[in-house]
1. Accessible area per residue for the range 173-304 in Å², computed with a 1.4 Å probe and the full protein assembly in place, what is it?
2. Calculate the FRET efficiency for ALA16 and LEU105 from the Cβ-Cβ distance with a Förster distance of 25 Å, rounded to the nearest 0.05.
3. Can you give the FRET efficiency for SER308 and TYR253, using 1/(1 + (r/R0)^6), R0 = 30 Å, r = Cβ-Cβ distance, to the nearest 0.05?
4. Expressed in nm to one decimal, what extension gain is obtained for the pair LEU124 and GLN323 from 0.36 nm per residue of sequence separation less their Cα-Cα distance?
5. How many nm separate the modelled label positions at LYS24 and ASN301, each set 7 Å beyond the Cα in the direction of the Cβ?
6. What ranking do 284-292, 199-207 get when scored by the average of other Cβ atoms within 10 Å per residue, highest first?
7. Which FRET efficiency value, to the nearest 0.05, is calculated for ARG289 and GLU31 with the Förster distance at 25 angstrom and r the Cβ-Cβ distance?
8. Holding the Cα-Cα limit at 21 Å, pick out from LYS109/LYS295; LYS239/LYS262; LYS71/LYS147; LYS71/LYS295 the pairs that are longer than that.
Amino acid sequence: MFVPRTVFPDYRVLLAHYKGHQSKAIKRMGELSPQINLVLELRDSRCPISSNNQILENIFRSKDRIIIYTKKDMFTIPKSLLNKWHEPRNEKFISIDTNRKSDVLNIIKLLKDYHNKLYPQPPLGLRLMITGMPNVGKSTLVNQLRKFGFNNNESFKKVAQTGNMPGVTRNTSEIIRISREPEILLYDTPGVTLPHLNDIKTVLSLYLIGTLNHNEIDPIIAADYLLYIVNLSNNKSDKVFKKYLKTPTNDIYELLTAVSKKMKNAGKIGKNWKPNYLGSAITLIQEYRMGKLGKICMDENVLRGISSEEFNDSIIEENTRIQGMLSESTNTTSKTSNKPSKPSKRERLVKQSNQLFV
């Protein structure tokens with residue numbers, strides 16, 4: 001009888017994946033925060049816990065927020081589990097497929113209802129900000145909201161650049177109108193990761209769903225984590241990887257050898273045939289990201305059925321960790337320079353600009 005692994009090795013993996021444009025984005029979000037009425041925070045349904053960014057929650061702590069779980073077509077989180085997580089915290093949430101018109105219209109209805117309940121009505125229209133980690137579907141949602149927010153009565157123009165790789169959006173957008181009646185405006189923002197992720201499993205989960213695109217992550221280790229999660233979720237590797245395996249396995253090299261034989265990712269060294277482990281690992285990762293392996297959640301805590309108390313404790317623990325990092329960063333900065341840096345000419349112009357994208 002096959003018994004899946006319950007422990008994943010603690011490989012040495014780089015936990016820091018912060019980039020300069022993300023630091024600028026966080027600063028810009030803080031500057032725009034006073035103008036914002038509502039925040040739409042996007043998380044990936046395949047990594048609902050790991051794609052939660054506590055830095056964003058701290059920036060918009062005083063703002064109303066709706067948590068949107070995207071890519072439900074690639075993994076559907078049970079609503080009972082989401083209720084268990086969010087109801088005790090009084091958090092509003094919704095799961096969507098950004099390519100499904102009915103889901104986008106549901107969000108537009110939520111926004112209009114929120115606008116109509118405001119008293120007094122915002123004189124400059126309802127102002128939103130869409131936030132989240134890289135590659136969770138922010139720009140796709142912006143384009144869809146604009147397309148359907150006008151009820152298709154106006155010519156649609158794509159306003160946010162999209163792509164399958166993280167980091168396509170690198171600057172906070174100018175304000176974008178998505179509805180005239182009522183007036184609803186939003187900012188699209190770059191994806192922001194944490195300065196330092198908490199553990200290897202979080203890194204590998206985010207790498208597998210495409211949030212992290214880092215050449216220092218070994219694809220073979222990532223493929224091994226994919227195999228570990230598949231077996232842990234009771235899918236069994238022989239079912240998910242049925243075109244490669246006849247029986248389930250815990251051995252990543254057995255799986256990669258089978259992939260090499262099937263995909264011809266192999267070569268000869270002298271008279272010996274040798275599988276291409278690296279190429280086969282990349283093949284598996286690409287198949288997962290494209291949804292060819294089925295609906296698989298990468299968050300181990302979700303598979304283990306984390307309770308509402310554990311979920312809340314994990315949020316508090318992560319927030320404490322982030323606060324410690326931010327305090328340490330602030331102290332380091334204050335020691336190195338007592339003079340505030342002057343904003344660049346472009347930053348001053350962007351800050352002064354309030355041009356509508358129409």
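The values are calculated or read from the model by the stated rules, or taken from the named source; none is laboratory data. None of these values were measured; they are calculated from a predicted model. Heads up, the Cβs are rebuilt from the backbone with ideal geometry, glycines too, and the neighbour counts pull from every protein chain shown. Ligands, DNA and RNA are excluded from the accessible area calculation, which covers all protein heavy atoms including side chains. Shrake-Rupley method; radii C 1.70, N 1.55, O 1.52, S 1.80 Å.
1. Values: 5830 Å² over 132 residues.
On a per-residue basis, the range 173-304 sits at 44 Å².
2. Numbers: r = 40 Å, r/R0 = 1.59.
Computed FRET efficiency for ALA16 and LEU105 comes out at 0.05.
3. Working: r = 39 Å, r/R0 = 1.31.
The pair SER308/TYR253 has a calculated efficiency of 0.15.
4. Difference between extended and current length: 68.3 nm.
5. With each label placed 7 Å out from Cα toward Cβ, I get 3.3 nm.
6. Working: 284-292: 16.7, 199-207: 22.8.
Packing proxy ranking, top to bottom: 199-207, 284-292.
7. 0.15
8. Details: LYS109/LYS295 28 Å; LYS239/LYS262 16 Å; LYS71/LYS147 19 Å; LYS71/LYS295 10 Å.
Going by Cα-Cα distance, LYS109/LYS295 fall outside the 21 Å limit.
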